[in-house]
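Colleague: Sharing a structure, written as structure tokens. Questions coming.
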Amino acid sequence: AVTSGVAGRLARQNSARNPRRTATTAAALMIGLTLVTTALVAGQSIKTTLAGTIEKSVQAEYIVSTQLLEVEFPNELAAELQGSELVDAVTGFRDIEASVDGDGSGVAAADLAQLGNLIVVSVDTGRADSDIGNAVLVSEDQAEEAVLVVGDVVLTAFANGNSVDATIVGTFSDQSIITQDFLFDTAVFDAANVSVADEWLAVSTAPRADQAAVTALFDDVQAAFPFGDVETAGEFRERLEGMVDDLLAIVNIMVFLAVIIALIGIANTLALSVVERTRELGLVRAVGMSRRQLRRMVRFEAALVAVFGAVLGVGIGLLFGWGVVRGLPASFADTTAVPVDSIVALVVISAVAGLIAAWLPARRAGRMDVLDAI
């Protein structure tokens with residue numbers, strides 16, 4: 001009697017008999033899963049970097065930010081929060097274009113005296129909380145490129161026409177949170193009469209602050225600035241991760257359509273194969289293969305083609321994903337993270353989808369009349 005093992009062996013032989021057709025059929029699925037895997041690896045790497053950065057660098061208990069472009073918080077908000085007995089430390093973060101020693105650059109500002117209690121900045125030389133007026137921190141890369149050291153004075157010209165001399169008090173290497181090369185003390189912006197508002201704020205509460213009073217304080221902030229989001233550091237991280245997931249969802253929907261088209265291709269190829277092999281299928285029925293075993297053989301063949309395309313797609317996607325992550329700035333993704341569960345699920349779903357795609361061709365093969373087929 002013909003066993004299910006024979007059906008599986010025949011399916012493998014049928015797939016290998018015409019390698020060009022098998023490769024062509026699997027190619028569309030391979031391309032789709034390559035794109036999906038690349039996006040999954042890049043997205044997971046970005047999420048892992050975000051989570052690690054926030055956990056490692058953000059000591060602030062609350063983040064006040066907004067998801068709206070061109071909407072900022074007045075500088076007075078940080079001062080008002082600092083005046084509350086419930087708040088231990090607070091600083092706003094501002095970004096603007098300026099010219100530093102004649103070179104145009106994006107620069108940021110924060111209260112350097114408060115910074116150490118809110119954000120871990122890896123200051124390698126010097127210190128952030130210096131008593132020097134008009135202080136500025138410089139990234140190590142920028143310091144090396146411009147040959148700057150602690151104690152140097154840089155002339156910063158702003159768009160309003162005012163210029164201020166600022167003294168370098170330290171250099172930092174980690175630009176995960178502070179992405180600009182120059183981080184000035186807010187006093188520098190004030191001295192130059194630069195009217196730029198805070199893009200976001202970091203806040204730490206007093207050690208023994210009453211939680212109900214803290215909640216009421218931030219409820220007032222939320223009511224005063226309904227466009228803003230007052231979140232804990234954990235909530236802020238989850239929102240950023242959700243933004244990455246939303247972006248990946250859009251990509252995956254488009255790729256899903258490509259995978260559907262690929263599965264239609266598998267169904268068409270199998271249907272054509274059944275027609276071309278009518279005599280052969282009749283012969284295997286004549287020597288003892290049952291209708292059920294014949295249908296199983298066709299389904300196995302579809303699953304093999306689908307898994308072949310899926311494995312190739314996942315393998316190439318992992319390689320491409322690694323390349324994309326390596327090409328991204330370290331502040332976005334500093335390590336390659338592979339979502340193993342999602343990738344295994346892709347391969348399993350592809351195999352199941354191949355079986356579904358083979359349902360009609362397998363049904364047609366099983367209903368063949370043996371004598372007519374021969």
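The values are calculated or read from the model by the stated rules, or taken from the named source; none is laboratory data. Note that this is a predicted model, so its numbers are computed, not measured. Using ideal geometry, Cβ is built from the backbone for each residue, glycine included, and neighbour counts are taken over all protein chains shown. All accessible areas refer to the heavy atoms of the entire protein, side chains included, with ligands and DNA or RNA removed. Shrake-Rupley method; radii C 1.70, N 1.55, O 1.52, S 1.80 Å.
So that you can scan it fast, the table gives a plain yes or no per residue for (1) modelled with pLDDT of 85 or more; (2) open to solvent by less than 40 Å² (accessible area, probe 1.4 Å); (3) under 13 Å from the mean Cα position of the chain (by Cα):
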| residue | (1), (2), (3) |
| --- | --- |
| R296 | no, no, no |
| A303 | no, yes, no |
| A306 | no, yes, no |
| L319 | yes, no, no |
| D341 | yes, no, no |
| L346 | no, yes, no |
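Colleague: Within segment 348-372, restricting attention to residues that are part of a loop (DSSP other than H, G, I, E, B) and surrounded by 15 or more Cβ atoms within 10 Å (Cβ to Cβ), which residue is modelled with the lowest pLDDT?
Modeller: Start the filter on segment 348-372 by keeping residues that are part of a loop (DSSP other than H, G, I, E, B), which leaves 358, 367-369.
From the residues that got through so far, the ones that are surrounded by 15 or more Cβ atoms within 10 Å (Cβ to Cβ) too are 358, 368.
Numbers: A358: 73, M368: 63.
Ranking the qualifying residues of segment 348-372, first place goes to M368.
Colleague: Right, here's the next one. Working only within segment 208-244, note down all residues that are farther than 16 Å from I63 by Cβ, out of contact with any Lys or Arg (no Cβ under 8 Å at 6 or more places or on another chain) and in a helix (DSSP H, G or I). I'd like the intermediate steps shown before the answer.
Modeller: Just the residues of segment 208-244 that are farther than 16 Å from I63 by Cβ, to begin with: 208-213, 216, 220, 223-224, 226, 244.
Now restrict to residues that are out of contact with any Lys or Arg (no Cβ under 8 Å at 6 or more places or on another chain): 208-213, 216, 220, 223-224, 226.
Q211, A212, A213, A216, D220, A223, A224 - these are the residues of segment 208-244 that are farther than 16 Å from I63 by Cβ, out of contact with any Lys or Arg (no Cβ under 8 Å at 6 or more places or on another chain) and in a helix (DSSP H, G or I).
Colleague: Could you identify the single residue in S163, S195 that is out of contact with any Leu (no Cβ under 8 Å at 6 or more places or on another chain), among the hydroxyl-bearing types (S, T, Y) and open to solvent by 60 Å² or more (accessible area, probe 1.4 Å)? Spell out the reasoning first.
Modeller: Values: S163 fails: out of contact with any Leu (no Cβ under 8 Å at 6 or more places or on another chain).
Exactly one residue qualifies, and that residue is S195.
Colleague: Which one is farthest from A224 (Cα to Cα) among residues in segment 78-127 that are among the aliphatic types (A, V, I, L, M) and open to solvent by 20 Å² or more (accessible area, probe 1.4 Å)? Let's see the steps before the verdict.
Modeller: Pass one, segment 78-127, residues among the aliphatic types (A, V, I, L, M): 78-79, 81, 86-87, 89-90, 96, 98, 100, 107-110, 112-113, 115, 118-121, 123.
Now restrict to residues that are open to solvent by 20 Å² or more (accessible area, probe 1.4 Å): 79, 86, 96, 113, 120-121, 123.
Details: A79: 15, L86: 18, I96: 25, A113: 27, V120: 29, V121: 30, V123: 35 Å.
Going through the qualifying residues, I end up with V123.
Colleague: Does segment 321-333 hold any residues that are of a type outside the set (A, V, I, L, M), surrounded by fewer than 17 Cβ atoms within 10 Å (Cβ to Cβ) and at pLDDT 75 or above, and which are they? Break it down into steps so the answer makes sense when it comes.
Modeller: Let us first name the residues in segment 321-333 that are of a type outside the set (A, V, I, L, M), namely 321-323, 326-327, 329, 331-332.
From what is left, the residues that are surrounded by fewer than 17 Cβ atoms within 10 Å (Cβ to Cβ) are 322-323, 326-327, 329, 331-332.
Scanning segment 321-333 gives W322, G323, R326, G327, P329, F332.
Colleague: Being part of a strand (DSSP E or B), open to solvent by 70 Å² or more (accessible area, probe 1.4 Å), touching a residue at least 40 places away in the same chain (Cβ under 8 Å) and aliphatic (A, V, I, L, M) is the requirement here; does L183 meet it?
Modeller: Details: part of a strand (DSSP E or B): yes; open to solvent by 70 Å² or more (accessible area, probe 1.4 Å): no; touching a residue at least 40 places away in the same chain (Cβ under 8 Å): yes; aliphatic (A, V, I, L, M): yes.
No, not satisfied.
Colleague: Please go through segment 135-150 and pick out each residue that is open to solvent by 50 Å² or more (accessible area, probe 1.4 Å) and touching a residue at least 12 places away in the same chain (Cβ under 8 Å).
Modeller: Quick first cut of segment 135-150, residues open to solvent by 50 Å² or more (accessible area, probe 1.4 Å) only: 140-141, 144-145, 147, 149-150.
Of everything in segment 135-150, those that are open to solvent by 50 Å² or more (accessible area, probe 1.4 Å) and touching a residue at least 12 places away in the same chain (Cβ under 8 Å) turn out to be E140, D141, V149, V150.
Colleague: Output the number of residues of segment 301-328 satisfying the condition of being of a type outside the set (A, V, I, L, M, F, W, C), without any contact (Cβ under 8 Å) to a residue 12 or more places away in the chain and farther than 30 Å from W359 by Cα. Please lay out each step first, then the result.
Modeller: Here is the first cut: in segment 301-328, the ones of a type outside the set (A, V, I, L, M, F, W, C) are 301, 309, 313, 315, 317, 321, 323, 326-327.
With the extra rule that they be without any contact (Cβ under 8 Å) to a residue 12 or more places away in the chain, the set shrinks to 315, 323, 326-327.
Retained after the next criterion (residues that are farther than 30 Å from W359 by Cα): 323, 326-327.
Summing the residues that are of a type outside the set (A, V, I, L, M, F, W, C), without any contact (Cβ under 8 Å) to a residue 12 or more places away in the chain and farther than 30 Å from W359 by Cα in segment 301-328 gives 3.
Colleague: Search segment 167-180 for residues being more than 26 Å from F332 (Cα to Cα) and touching an Asp or Glu at 6+ places or on another chain (Cβ under 8 Å), and hand back the single one that is least open to solvent (accessible area, probe 1.4 Å). Step through it out loud before you land on a result.
Modeller: As a first pass, look at segment 167-180 and keep what is more than 26 Å from F332 (Cα to Cα): 167-169.
Okay, now just the ones that are also touching an Asp or Glu at 6+ places or on another chain (Cβ under 8 Å), so 167-168.
On the way: T167: 29, I168: 2 Å².
Within segment 167-180, the match that is least open to solvent (accessible area, probe 1.4 Å) is I168.
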